[in-house]
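The values are calculated or read from the model by the stated rules, or taken from the named source; none is laboratory data. Not measured: the values here are computed from a predicted model. Counting neighbours? That spans all protein chains shown, and the Cβs are built from the backbone with ideal geometry, glycine included. Surface accessibility is based on the protein's heavy atoms, side chains included, excluding ligands, DNA and RNA. Shrake-Rupley method; radii C 1.70, N 1.55, O 1.52, S 1.80 Å.
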Amino acid sequence: MSAALALVRRAWARSPGALAAIYPDLSTAYREVFARIVEGIEAHSKLHVIAYPLVGNVNRQEMQQSFKRQAVKVVVALGRQGLKAALGLEREFGVIAGGVIAATEVEANSFPVFSMTPDPVLLFVRLKRFMPGVRRVLAVYDPKQSAWVMRLAREAARLQSLTLHVAEAQDLSAAVRAYADIVAGMTPGKDALWLPQDAVATEESAVMPLILEETWNRGLAVFSSNLHHVRRGALFALYADEMALGRQLALAAQRYSTLEATPPGL
């Protein structure tokens, strides 16, 4: 290797660039969630981390110019607003998304997405621990949002010797009808109702009050992917570890920057 070539390689190795974490500047509760994710990124990233809150209408051109000035190589897009902003970034930026419940097909095909949806395996293992006699898990879901979760859930149920019974609902009225049919056929101690993170199937103002009241009155077990449902009568819920998610995002960004830090033709 020539001395000049060695110097070029060392220069690239010394300048991996920076990481920009973009996130919506929302209410206090959500701001704390994103802050913990960013904290996890900062704790585990070898790149310089730039926190970039998205306030009001985002000027994507100004954001991109700011990133270029700061030698940003990788953008970690957090939350739904972060994903929306990242979709329009120039291709020179690597993009990794996180801090969302689920991503659309377009988003998932555009860049890697780290979801905050609890793994069904963990949910079903915990369910069996609380209710060793349970045989069947039932759920309602919107296929546009949660089909990918249900595919994972079928395998997770099989591993725990459970039968998974699901019903599709693409609007609130369909969700209410599906829950009515499911709850009417449930057997206490043998069946458990799973509430996935799904905007249709677990709509908070109309659907959830009816379902939680009915299952409570009948002594039926309900578990959830939403922590707030525990306060309203669910047996348990699992929720993502924000700091751990930040660590995953930092490692993914580091892998991307390492690939990008190889000079072309060397």
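Looking at Arg91, Arg36, Arg31 in this structure, which one is open to solvent by 60 Å² or more (accessible area, probe 1.4 Å), under 19 Å from the mean Cα position of the chain (by Cα), of a type outside the set (Phe, Trp, Tyr) and closer than 20 Å to Val113 by Cβ?
On the way: Arg91 fails: under 19 Å from the mean Cα position of the chain (by Cα); Arg31 fails: closer than 20 Å to Val113 by Cβ.
Arg36 is the lone residue from the list that is open to solvent by 60 Å² or more (accessible area, probe 1.4 Å), under 19 Å from the mean Cα position of the chain (by Cα), of a type outside the set (Phe, Trp, Tyr) and closer than 20 Å to Val113 by Cβ.
Is there any pair linking a residue in region 49-78 that is more than 20 Å from Ile37 (Cβ to Cβ) and open to solvent by 60 Å² or more (accessible area, probe 1.4 Å) to one that is part of a helix (DSSP H, G or I) and at pLDDT below 95, with Cβ under 9 Å and at least six apart or on different chains, and which?
So the pair list comes out as Arg60/Ala85.
Table: residues versus (1) open to solvent by 20 Å² or more (accessible area, probe 1.4 Å); (2) part of a helix (DSSP H, G or I); (3) of a type in the set (Asp, Glu).
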position: Phe124; (1), (2), (3): no, yes, no
position: Lys128; (1), (2), (3): yes, yes, no
position: Val134; (1), (2), (3): no, no, no
position: Val137; (1), (2), (3): no, no, no
position: Ser146; (1), (2), (3): no, yes, no
position: Glu155; (1), (2), (3): yes, yes, yes
position: Leu164; (1), (2), (3): yes, no, no
position: Arg177; (1), (2), (3): yes, yes, no
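A quick yes/no check of all residues on (1) closer than 24 Å to Leu164 by Cβ; (2) of a type in the set (Val, Ile, Thr); (3) surrounded by 13 or more Cβ atoms within 10 Å (Cβ to Cβ); (4) modelled with pLDDT of 85 or more:
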residue	(1), (2), (3), (4)
Thr187	yes, yes, no, yes
Leu193	yes, no, yes, yes
Pro196	yes, no, yes, yes
His228	yes, no, yes, no
Leu238	yes, no, yes, yes
Leu245	no, no, yes, yes
Gln254	no, no, yes, yes
Ser257	no, no, yes, no
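Can you name the number of the only condition in (1) open to solvent by less than 60 Å² (accessible area, probe 1.4 Å); (2) assigned to a loop (DSSP other than H, G, I, E, B) that Ser205 fails?
If we test Ser205 against (1) open to solvent by less than 60 Å² (accessible area, probe 1.4 Å); (2) assigned to a loop (DSSP other than H, G, I, E, B), just (1) comes out false.
Restricting region 39-48 to residues that are open to solvent by less than 30 Å² (accessible area, probe 1.4 Å) and of a type outside the set (A, V, I, L, M, F, W, C), which is nearest to the chain's Cα centre (by Cα)?
Gly40
If you take just the helices (runs of 4 or more DSSP H) that sit entirely in region 1-93, which of them hold at least 3 residues that are modelled with pLDDT of 90 or more?
Answer list for region 1-93: 28-44, 60-69.
Given (1) under 30 Å from Glu42 (Cβ atoms); (2) out of contact with any Gly (no Cβ under 6 Å at 6 or more places or on another chain); (3) open to solvent by 10 Å² or more (accessible area, probe 1.4 Å); (4) in a helix (DSSP H, G or I), where does Leu210 come up short, assuming only one miss?
For Leu210, the failing item is (1).
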